[in-house]
Amino acid sequence: MKPISILEERKTQVFRKGSDEFDISCDKKSLAGSVSQRACVFCGSRVVLYPIADALHLVHGPIGCASYTWDIRGALSSGPELHRMSFSTDLSETDIIYGGEKKLEKALFELIDIYRPKAAFVYATCIVGIIGDDVAAVCKKVEAKTGIPVLPVHSEGFKGTKKDGYKAACDALFNLMDRTREESPEKIPLSINILGEFNIGGETWIIKDYYKRMGIEVLSVMTGDGRVKNFGSSHRACLNVVQCSGSLTYLAQKMEAAYGIPFIRVSYFGIEDTSQALYDVASFFSDRPDIMEKTAALVQEEVKAILPELQEMKTDLSGKRAAVYVGGAFKAFSLIKALKHLGMTVVLVGSQTGSKEDYALLKDMCDPGTIILDDANPLELAKYVLEKDAHLFIGGVKERPIAYKLGLGFCDHNHERKIPLAGFEGMINFAREVHETVTSPVWDLVPRKAWNR
Amino acid sequence: MNTAKSYTATRNACKMCTPLGAALVFHGIEGAIPLLHGSQGCSTYMRRYLISHFKEPVDIASSNFSEETAIFGGGANLKLAIENLTRQYSPEMIGIATTCLSETIGDDVPMILEGMGRMEDRAELVHVSTPSYSGTHMDGFHHAVRAVVEHCNPEGPRTRHRARKTVNLFPGMLSNEDLRHLKEIFEDLGVRLILLPDYSERLEGPSWVEYHAIQKGGTPIKDIREMGLSGASIELGTILAGMVEKGEKTAGSVLKERFDIPLVSMGIPMGVKATDRFFSALEEITAKPVPEKYKRQRGRLIDAYVDGNKYVSKKRAVVYGEEDFVAAMAGFLAEIGIIPVLCASGGRSGFLKQALNQILPQNIQGQVHVHHGMDFTQMEEAAGKLSPDFAIGNSKGYTLSRNLKIPLVRAGFPIHDRVGGARILHIGYKGTQQLFDTIVNTLLQNRQDTSAVGYAYM
Ligand code: SF4
Ligand code: SF4
């Protein structure tokens, strides 16, 4: 078997802490011919806007882009579920030749008539960028006739990376917010918006409950369990609390500029980061010491409730090695901390879209010898998982078979999972999942392990 | 009765796009790796989709278009992609499938490849044109099979003797277990089989000791090169046969044209009658009798039909998926007395109605509603008016079955919500037996679940 080699052009995206001394390259387009784990601009936009459950999400393009994304995400809604439908203009050859504007217009009128959505998002995919449909003009026309906001999302796959998709989604969100906003600019006391929280498995509900118990009013969530009308008072919040910084920081910046709302970046993953998030929000409202008191009580209560079980699992997990490969680097930070909490060491960490600062921080956080990867491919992931003899892989659907083929445990940590992993409650779910897979007896039968003994 | 209104938008599509089918084919060839010429997202999404069914690594490379590529053409990217892929995977074949993007900007892939010149020990470069705006994943699948066969069997005089005892078999998009069953049948017959594609080992292998860039298994390329010498070709799929009749080129028709290899076309062998046809064709081609083992399987199957006849007779089913699957499945259901009241596909070959007319008995045809180019939302609307007892097809029909409160029997591709989707056996007497048992048991379970009494007896 020939050893797996790293392509020359990718060498600055693979870093070994302790022996390498360069800046990890990032924001690079994926190399031609590589099997990147990344998705596209459209995917980024869809992730962010998907949870808005009473909006119509129409994918303008040939069928694939819509077909492959039908109901794949675990973002829950407490009411309408229009977001779970996969709508496509399903462009055919004649549309490609003569343009898809007419079809788009007709599709929009028809769908709005049937489903009565509160707004519509039109995702422009690769082909639309090539055939040059004026999506914005069609949206405008439909909007004028139907009276609901119809927003173009410029998410042509080849025009950048997933990050650009986040940006396109942020533009659409800001647009929506600005046009549906209430007259009054006045701040609502003790209020926040939650940004970058998508209610996977009900996570938004967990987080909102914490804030409620702290005495904080959540005006809107972007976009978990989202409704179009929820954004009406977003501009009146005192603070924007941004999670998963990769995706919605841009919107937070726009809101800061337009409405003077400051923002902080948080993560709700793991005990440390969740507590830190809540404390950070509490200290923002420092003129109300009672909030900090309530927060401290909440954290104490919640941590107390889960510690015994965590402790128990830790005995089994101590010393086990984990590999982490996720979309955004921010999630990786939290995962490293949470895994340490379980007594595990992280031997490989990487992300699809980390920034320069992210990687600098990752380098700081990791133990010597840890491999850090930007935009990795299956071969690289496998190479280092084997080299480091990891017990656990944390990633998404595309990484799962790599882990399983090589005989190590796996935990799903992206938008397609169905279990909430946020907050204190989520930490227990996470630990259980890790524990279940790492301690499974099946690994004893797997050839790689069995033969090593 | 009008069961379906037409809509402009597609809502919950019952089809995938063309390159997906092509990518799957290349995973069924030894040492081959698919490369999509277009944007990165397409290949990532298709990988995700295939991985969720096979639960195995399914690598699909991309030439990763950028904005400049889209403007100035993808030639440079494609070349670079081939070089990089060669360095990392050392493939024997690279299957280059175009996407909507590269097709629309008008990249001339054959010319680009030509421009790369020939190189010793470089992979075979096979190009297949798969714009998704015309056709579905099935078209991509068949086109890729044809492209590979054409590439490996260039026109010209044959230098070697014909291997009359060898049979080429183009099974279409069957499950891993189906492919394994076909191989078993030929082994039992003692006849050499060249099966294309064969992803049954690559996409369902054992756990590894070390990483395999390209999994083991697949049809060996040297075998594909010998297809031009075989005694006969078999192509499964009634729809595919219709295409051949219309003059469209398929792998089998190309071999017939170039090397005068007889082509036998028939439906996918689901059900007793279809499997009988399959075995008698084999008998004819190979001049070997059907092995005793299969006669016994047939006997047991018919006996089981008898035992279960009352539980299925006059039951009403919704059948959906790719067209050839629908045609074969409907034929099997009709054979046991189930009326396939709705036969629907997202495909649009134009042959579905005709195929079902041929397959289904005259007396039930009035009750069967056939729709091509249908999506799941229309299907649900249509099915709602037909009071079906159950639905049968891939797991994308789960939403429909849930909304209509009818059980779903999972079969075909993709199976995303269960394990073992690739291990479902649909064909032959043995596969039919498994389908039959599953259907009867599903109906029995449903009767039990919805009963106020809940007998533990049948
Ligand atoms: S652009 Fe075409 S090839 Fe790519 S996913 Fe969409 S339909 Fe499929
Ligand atoms: S066509 Fe473009 S937008 Fe659609 S999946 Fe492919 S890369 Fe993404």
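The values are calculated or read from the model by the stated rules, or taken from the named source; none is laboratory data. Keep in mind the model is a prediction, meaning the values are calculated, not measured. Heads up, the Cβs are rebuilt from the backbone with ideal geometry, glycines too, and the neighbour counts pull from every protein chain shown.
Let's see how each residue does on (1) within 23 Å of B:Ser90 (Cα to Cα); (2) part of a strand (DSSP E or B):
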site	(1), (2)
B:Lys183	no, no
B:Ile194	no, yes
B:Ile214	yes, no
B:Gly231	no, yes
B:Val244	no, no
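Among residues of region A:129-169 being farther than 25 Å from B:Gly41 by Cα and not hydrophobic (A, V, I, L, M, F, W, C), the one that is farthest from the chain's Cα centre (by Cα) is A:Lys145.
Exactly one residue out of B:Thr98, B:Thr136 is more than 7 Å from chain A (Cβ to nearest Cβ), in contact with a strand residue (DSSP E or B) (Cβ under 9 Å, 6 or more places away or on another chain) and among the hydroxyl-bearing types (Ser, Thr, Tyr): that is B:Thr98.
Out of A:Gly202, A:Gly196, report the one residue that is touching a helix residue (DSSP H, G or I) at 6+ places or on another chain (Cβ under 7 Å), at positive phi, away from chain B (no Cβ under 14 Å) and away from ligand 1 (no atom under 16 Å from the Cβ).
Working: A:Gly202 fails: touching a helix residue (DSSP H, G or I) at 6+ places or on another chain (Cβ under 7 Å).
Going through A:Gly202, A:Gly196 in turn, just one is touching a helix residue (DSSP H, G or I) at 6+ places or on another chain (Cβ under 7 Å), at positive phi, away from chain B (no Cβ under 14 Å) and away from ligand 1 (no atom under 16 Å from the Cβ): A:Gly196.
Looking at B:Met227, B:Met243, B:Met270, just one residue is buried (at least 23 other Cβ atoms within 10 Å of the Cβ), farther than 19 Å from B:Gly428 by Cβ and not assigned by TED's automatic domain parsing to the domain that holds B:His142, and that residue is B:Met227.
With respect to B:Met111, determine if the residue is in contact with an Asp or Glu (Cβ under 6 Å, 6 or more places away or on another chain), surrounded by fewer than 24 Cβ atoms within 10 Å (Cβ to Cβ) and more than 7 Å from chain A (Cβ to nearest Cβ). Walk me through how you get there before you give the answer.
Details: in contact with an Asp or Glu (Cβ under 6 Å, 6 or more places away or on another chain): no; surrounded by fewer than 24 Cβ atoms within 10 Å (Cβ to Cβ): yes; more than 7 Å from chain A (Cβ to nearest Cβ): yes.
No: the conditions fail for B:Met111.
Any residue in region B:212-224 that is in contact with a helix residue (DSSP H, G or I) (Cβ under 8 Å, 6 or more places away or on another chain), more than 14 Å from chain A (Cβ to nearest Cβ) and at pLDDT 95 or above? The answer is yes, given that some residue of region B:212-224 is in contact with a helix residue (DSSP H, G or I) (Cβ under 8 Å, 6 or more places away or on another chain), more than 14 Å from chain A (Cβ to nearest Cβ) and at pLDDT 95 or above.
Residue-wise test of (1) at negative phi; (2) touching a Lys or Arg at 6+ places or on another chain (Cβ under 9 Å); (3) in contact (Cβ under 8 Å) with a residue 24 or more places away in the chain; (4) surrounded by fewer than 24 Cβ atoms within 10 Å (Cβ to Cβ).
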position	(1), (2), (3), (4)
B:Asn12	no, yes, yes, no
B:Phe26	yes, no, yes, no
B:Leu36	yes, no, yes, no
B:His53	yes, no, yes, yes
B:Pro57	yes, yes, yes, no
B:Phe72	yes, no, no, yes
B:Glu83	yes, no, no, yes
B:Met93	yes, no, yes, yes
B:Thr104	yes, no, yes, yes
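Restricting B:Arg258, B:Arg316, B:Arg298 to residues that are farther than 17 Å from B:Leu236 by Cβ, over 21 Å from the mean Cα position of the chain (by Cα), assigned by TED's automatic domain parsing to the domain that holds B:Ala383 and at pLDDT 95 or above narrows the list to B:Arg316. Among the residues here, A:Arg16 qualifies as at pLDDT below 90 and more than 13 Å from chain B (Cβ to nearest Cβ). Residues that are touching a residue at least 24 places away in the same chain (Cβ under 8 Å) and among the hydrophobic types (A, V, I, L, M, F, W, C) within region B:180-222 comprise B:Leu182, B:Ile185, B:Leu189, B:Val191, B:Leu193, B:Ile194, B:Leu195, B:Leu196, B:Leu203, B:Ala213, B:Ile214, B:Ile221, listed in sequence order.
Residues of region A:122-148 that are more than 14 Å from ligand 2 (Cβ to nearest atom), over 11 Å from A:Thr89 (Cβ atoms) and of a type outside the set (Lys, Arg): A:Gly132, A:Asp134, A:Ala136, A:Ala137, A:Cys139, A:Val142, A:Glu143, A:Ala144, A:Thr146, A:Gly147, A:Ile148. Considering B:Ala61, B:Ala97, B:Ala32, B:Ala76, the condition of being over 20 Å from A:Leu379 (Cβ atoms) and touching a helix residue (DSSP H, G or I) at 6+ places or on another chain (Cβ under 6 Å) is satisfied by B:Ala97 alone.
Here A:Ala390 meets the list (1) in a helix (DSSP H, G or I); (2) more than 17 Å from A:Gln37 (Cα to Cα) almost entirely, failing just condition (1).
Cβ-Cβ contacts under 9 Å between residues 6 or more apart (or on different chains), taken from a first residue in region A:48-67 that is more than 14 Å from chain B (Cβ to nearest Cβ) to a second residue that is within 11 Å of ligand 1 (Cβ to nearest atom), are listed as A:Tyr50/A:Thr69.
The residues in region A:426-453 that are of a type outside the set (Ser, Thr, Tyr) and more than 10 Å from every other protein chain (Cβ to nearest Cβ) can be counted, and the count is 15. Is one or more of the residues making up region B:22-42 out of contact with any Cys (no Cβ under 8 Å at 6 or more places or on another chain), among the hydrophobic types (A, V, I, L, M, F, W, C), under 30 Å from B:Asp375 (Cα atoms) and not in a helix (DSSP H, G or I)? Yes, that holds for at least one residue.
Taking the criterion of being near ligand 1 (Cβ under 10 Å from one of its atoms) and either within 13 Å of the chain's Cα centre (by Cα) or within 7 Å of chain A (Cβ to nearest Cβ) (or both), the only residue of region B:24-39 that qualifies is B:Ser39.
Condition check for A:Val128 on (1) within 13 Å of ligand 1 (Cβ to nearest atom); (2) without any contact (Cβ under 8 Å) to a residue 12 or more places away in the chain: one failure, at (2).
If you check B:Gly156 against the conditions, is it of a type outside the set (Val, Ile, Thr), surrounded by fewer than 20 Cβ atoms within 10 Å (Cβ to Cβ) and at pLDDT 95 or above?
Numbers: of a type outside the set (Val, Ile, Thr): yes; surrounded by fewer than 20 Cβ atoms within 10 Å (Cβ to Cβ): yes; at pLDDT 95 or above: no.
No: the conditions fail for B:Gly156.
Residue by residue through region A:85-109, note down the ones that are away from ligand 1 (no atom under 16 Å from the Cβ), among the charged types (D, E, K, R) and buried (at least 18 other Cβ atoms within 10 Å of the Cβ). Listed by number, the residues that qualify are A:Glu101, A:Glu105.
Of the residues making up region A:382-425, those that are over 15 Å from the mean Cα position of the chain (by Cα) and facing chain B (nearest Cβ under 9 Å) number 12.
Does A:Ala168 count as closer than 26 Å to A:Arg84 by Cβ, surrounded by 19 or more Cβ atoms within 10 Å (Cβ to Cβ) and more than 14 Å from chain B (Cβ to nearest Cβ)? I'd like the intermediate steps shown before the answer.
Working: closer than 26 Å to A:Arg84 by Cβ: yes; surrounded by 19 or more Cβ atoms within 10 Å (Cβ to Cβ): yes; more than 14 Å from chain B (Cβ to nearest Cβ): no.
Against the criterion (closer than 26 Å to A:Arg84 by Cβ, surrounded by 19 or more Cβ atoms within 10 Å (Cβ to Cβ) and more than 14 Å from chain B (Cβ to nearest Cβ)), A:Ala168 does not qualify.
Scan region A:169-183 and give yes if some residue there is within 16 Å of ligand 2 (Cβ to nearest atom) and under 29 Å from A:Ala329 (Cα atoms), otherwise no. Within region A:169-183, one or more residues are within 16 Å of ligand 2 (Cβ to nearest atom) and under 29 Å from A:Ala329 (Cα atoms).
Out of the residues in region B:40-58 that are away from ligand 2 (no atom under 12 Å from the Cβ) and within 13 Å of A:Val35 (Cβ to Cβ), state the one that is farthest from the other protein chains (Cβ to nearest Cβ).
Across region B:40-58, the extreme among qualifying residues is B:Leu50.
Look through region B:60-70, keep the residues that are surrounded by fewer than 24 Cβ atoms within 10 Å (Cβ to Cβ) and of a type outside the set (Ser, Thr, Tyr), and return whichever of them is nearest to B:His142 (Cα to Cα). Checking each candidate, the answer is B:Ala70. Among residues of region A:68-84 being facing chain B (nearest Cβ under 10 Å) and among the hydroxyl-bearing types (Ser, Thr, Tyr), the one that is farthest from ligand 1 (Cβ to nearest atom) is A:Thr69.
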